[in-house]
Structures are given as structure tokens and as C-alpha cells.
1. Just want the answer: with Cβ charges of +1 for Lys and Arg and -1 for Asp and Glu, which residue in G24, A141, V123 is farthest toward the dipole's positive end in the range 1-150?
2. So between K314 and L149, what do we pick up on full extension, going 0.36 nm a residue minus the alpha carbon distance?
3. Quick test of your reading: applying the under-4.7 Å Cβ rule, which cysteines of the chain are isolated?
4. Given a Förster radius of 22 Å and the C-beta distance between K242 and K80 as r, what FRET efficiency does 1/(1 + (r/R0)^6) yield to the nearest 0.05?
5. What length, rounded to one decimal in nm, is gained on full extension from K156 through to E229, with 0.36 nm per residue of separation minus their alpha-carbon distance?
6. For Cα pairs less than 8 Å apart in space and 6+ apart in sequence, what is the mean separation divided by the residue count of the chain, i.e. the relative contact order in percent?
7. Just from its helices, what would the mean residue ellipticity at 222 nm be for the chain, if runs of 4 or more DSSP H residues each count -39500 (n - 2.57) and the sum is divided by every residue, rounded to the nearest 500 deg cm²/dmol?
8. Please work out the FRET efficiency for the pair T210 and D107, using the Cβ-Cβ distance as r and a Förster radius of 45 Å; give the result to the nearest 0.05.
Amino acid sequence: MYDVIVIGSGPGGYVAAIRCAQLGLKTAIVEKYSTLGGTCLNVGCIPSKALLDSSEHYHNAAHTFETHGIKLTNLKVDLKQMITRKNDVVKQNTDGIQYLMKKNKIDVHQGVGSFVDKTTVKVTKDDGTSSDIQGKNIIIATGSKPSTLPFIKIDKDRVITSTETLNLKEIPKHLVVIGGGVIGLELGSVYARLGAKVSVIEYMDSLIPTMDRTMGKELQKSLKKIGFEFFLKHKVTAVESKGKEVTVKAENEKGETIEVKGDYVLVSIGRKPYTDGLNAEAAGVKITERGQVEVNDHLQTNVPNIYAIGDVVKGAMLAHKAEEEGVFVAETILGQKPHINYNLIPGVVYTWPEVAAVGFTEEQLKEKGIKYKTGKFPFMASGRARASMDTDGLVKVLADAETDEILGVHMIGPRTADMIAEAVVAMEYRASAEDISRMSHAHPTYTEAFKEACLAATDNRALHI
């Protein structure tokens, strides 16, 4: 009998297992694939960032090296080697998780985990054999998978999801991306940098529509420079694949139909919770109409000894959100009283420039009727950004009009994925814009832009614009 069984080994699952083991609980983890790490490590965050880095190196070699005084001849892309390097990065990470399981004495059971009852999990291996394991507590961490539209047939050849996009054998001539969200723009960026034409068809009137609108506008400007075209406020009505050509039909807001033809179509309209094969009903666990496992504020299901975390429950589908929840549940099981402030979980888009945000958007503050002030600072005015030729974008700080407390920070620019952590720390400790503006920031650095935006929010006192 285990103290805890975790079903799923993605960032939420493996972190939950490690924290349980650290707390002295006898722990097992069940994973249906042969490698640990879930979507994030195998076909998500890690491989996409590896390809994003490789393609950015090539793009800079082709477009900015000469300005830096570096001359190259016969520059070309070796896509096969890029994919090989990506696979090596994935293997290093998944091997690392395997090591952490051994180090923390966590039993790994390979196979599909399904409920027999509320304390018993059946593990079914690829060869069809199965065995039962028992646990006092069970954590569901089965994650998510790409969504599609009912009339689109994903053939995994020409009409593909993010998973197949990570392993293409050729650079598309024209990649059509359905969906202007994070995943589509990141993977579109990879191939745009390598020379593909990329067309994005988005139903909403803005890119990255869940983020502050200023970010979507700025990102659209930057991506146009590397060959993107955009069809906003367009509803996809059909996707037809014939040979090496795929035709996407979409309606604009006037009801007029357009056709966009490409050699590959990436369907990137979000992700949906994955509970296939879980047999949750055998344990009496409620699944919502949206396919999510229903949980309370303690991430506990309607069955008290069963918890759920990550993409399979409500909230943002982010690896680091799942990790926080994994730790939260482990500590809750042991009787501790952990806390997660969901408003302070940052979101990042790993395009270039990067987009990063935490807290409320300007639209949300308006909707809530909260009086606020805004401070902005463009990277064009940053000495460090000029030195590295990364002058696109800005930092935007939203602060309470009366108390000056920082309510939201939205960044688009170089290395903002790392910079946003300072904003998270500031907001965790209820800092004001004035607090940040009085802290010394090393010069020249990109982070000075955050200080300057805070100065701008504090009586318009920015120094370098």
C-alpha cells in the first residue's frame, strides 16, 4: 500500500511525486509512455524551445551577423540536425526525471493507469498485461492534448498538431496556422525564421487574445517583419487536403469566404483535458462538462482521498502552474496549509521578442472598475537593447491609482521570459511602482526597462525617454 499514487509524470505529476517523497510518503508514479516528463518534456515546452533557439541562431546569422561584423558564406539550414539536437535535449531532460525518481525512491510503473476503485489503480502495459497497485491517496495528473475542430481531420502528415510540427522532415514553403495563440505563434516562428511563409488565421480580433491587448499588437508588428501574415476575425469553415496542398477556407466578419493554400496546416486552437482510459467513474470522481476533473480549492475531488492537478483541472494550462499545484497537494496531504495565488502565475510566449506577463491586464482592470495608472518604457530607449539589436517591444506597468501597488506587468522584448520573475517577486510582496523605481538595477541591462516603466507609472518620472 502506497501513501500516494500519482497518475501522470508531466511537470505536475513528477513534481508532486518528488515533494511527496521529500515529505516521507511512500510514493509511486504511473506513466503510460516509455519516457517520463509528459507533454512538456517530450512534445511541448522543452523541444519547442530547443527548435526556437536553433532557428533564432540561424535567423540572426542570416540577418544580423553582417551588421555585427561577422561575414558568412554558404549559410544553410540543416533541419535534420536541428531535430536531432532537439531530440538530444529532450532525452537529457527525460533521463533527468528518471534519475530524480530513483534518487527520491519513487516507484515508477509504466503503463496506462486506470481506477478500479477509490484506492486501487490498475496499470496496463503495452503488451496488455496488467497489475493492481493500492494507495491511500491518489493524484490525477494526466494533463491535456491538442484540441481540434469537428470538421478538421488531423492526418498527421499535412494537417498537423504541435506534436508533428516538432518533427517535420522539410521546411514548409507555406505553413498555415489555425489559431493565433501561444503554441501556434511559437511554432510558426520556428519555420518563419527558417524561410517559410506563415499565415495565421485567428477567430478573435487580436493575437494572444488572453493577454493584454498591447502585447498582441506589438507582437503582430514584430512577427510581420519575419514573414508572417495575419487574418484576424476570421472563422475557419473547412480544411481540405489534396496531395501536397492543403486549402483552408475561412469567413471574415462580413461573411465573405477566403481561401489560404499551403503545404502544411498547423491546427493550434488550444488544448483539452485528457482523461481517456482513466476510468474515473469507477472511483466516483466527477468530470465536468468541459472534460476537466472537478476539484475544490484544495484541489481535492469529490472523493476526499483523490486529488487532481495541472491541465486536467481548471485554470491556465501552464507547466509551472502544474508544478505549484503538485507541491500544494503533496503538502496538503501531509496536513500543511500551502497557498497558491493564481493571479501571480506568470504567462510567457517564447517568440522573439518574448512576451511575458503577470497580474491583471488593462482590460480586466477596466472591467472590474479598478482605477489604475499606466507606465510604459520602450526597448528602443534601452542602451542594452540597442547594443544587442533587440529594440522591438516595451514594458507596461499597471499600478493602483491611489495606493501605487503594482497590479499587472506586461512585457514584450528581449529576455522578458526571465525578466518577469522580478515582477512576480514584487507583486508577491505587494510592492508599489515607487518601490521598484527606487531599487538599483544594473546598467546596462534589459531589466532597467522595468524600473523605467515603474518610474513612468509614478508621476511620469521615466529618466531615459
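1. Farthest towards the positive pole: G24.
2. So the chain would gain 57.3 nm between K314 and L149.
3. Result for the chain is C20, C454, no neighbouring Cys Cβ within the cutoff.
4. Details: r = 27 Å, r/R0 = 1.24.
Efficiency, from the Cβ-Cβ distance: 0.20.
5. Working it through step by step, the gained length comes to 23.9 nm.
6. Working: 1023 pairs, mean separation 67.4, N = 465.
Averaging sequence separation for qualifying contacts and normalising by length gives 15 percent for the chain.
7. Helix-only estimate at 222 nm: -9500 deg cm²/dmol.
8. Given R0 = 45 Å and the Cβ-Cβ separation, E is 0.70.
The values are calculated or read from the model by the stated rules, or taken from the named source; none is laboratory data. What you see is a predicted model, and the numbers here were worked out from it, not measured in a lab. All Cβ positions, even for glycine, are placed from backbone atoms using ideal geometry, and neighbour counts span all protein chains on display. Side chains are part of the model used for accessible areas, which takes the heavy atoms of the whole protein and leaves out ligands, DNA and RNA. Shrake-Rupley method; radii C 1.70, N 1.55, O 1.52, S 1.80 Å.
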